[in-house]
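Data block below; observations after.
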Amino acid sequence: MTRGHQKLQAQQKNAKKQADIKKGKGHDQKAAAKAALVYTCTVCRTQMPDPKTFKQHFESKHPKSPMPPELVNVEA
């Protein structure tokens, strides 16, 4: 039953090759999106990509809370 064994080896080799190709892909969208979320709201822990969006969020969602110092000079 040589062919059965060879078939099994070929399948394992192909599975390993496909896994390496999938693992080696250069662009991971989830990781890139997570890395882009730099600012975190101190009140609700929501993450935002830039200070302008962060200030707009803070003014609309948390108007009674004091403004964080990093948002004082940001133009919204």
Those residues of region 21-41 which are surrounded by 10 or more Cβ atoms within 10 Å (Cβ to Cβ), in a loop (DSSP other than H, G, I, E, B) and at pLDDT below 90, in sequence order: Asp28, Leu37, Val38
Any hit, region 66-76, residues being hydrophobic (A, V, I, L, M, F, W, C), part of a helix (DSSP H, G or I) and in contact with a helix residue (DSSP H, G or I) (Cβ under 8 Å, 6 or more places away or on another chain): yes
Pair list, Cβ < 7 Å and 6+ apart or interchain, from region 35-55 residues that are touching a residue at least 24 places away in the same chain (Cβ under 8 Å) to residues that are of a type in the set (Val, Ile, Thr) and assigned to a loop (DSSP other than H, G, I, E, B): Lys52/Val74
Given (1) part of a helix (DSSP H, G or I); (2) under 22 Å from the mean Cα position of the chain (by Cα), index of the condition Arg45 fails: (1)
From the options Gln6, Gln47, Gln12, Gln18, residue that is surrounded by 10 or more Cβ atoms within 10 Å (Cβ to Cβ) and in contact with a Leu (Cβ under 6 Å, 6 or more places away or on another chain): Gln47
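The values are calculated or read from the model by the stated rules, or taken from the named source; none is laboratory data. If you're wondering where the values come from, they're calculated on a predicted model, not measured in any experiment. No Cβ is skipped: glycine too gets one built from the backbone with ideal geometry, and neighbour counts run over all protein chains shown.
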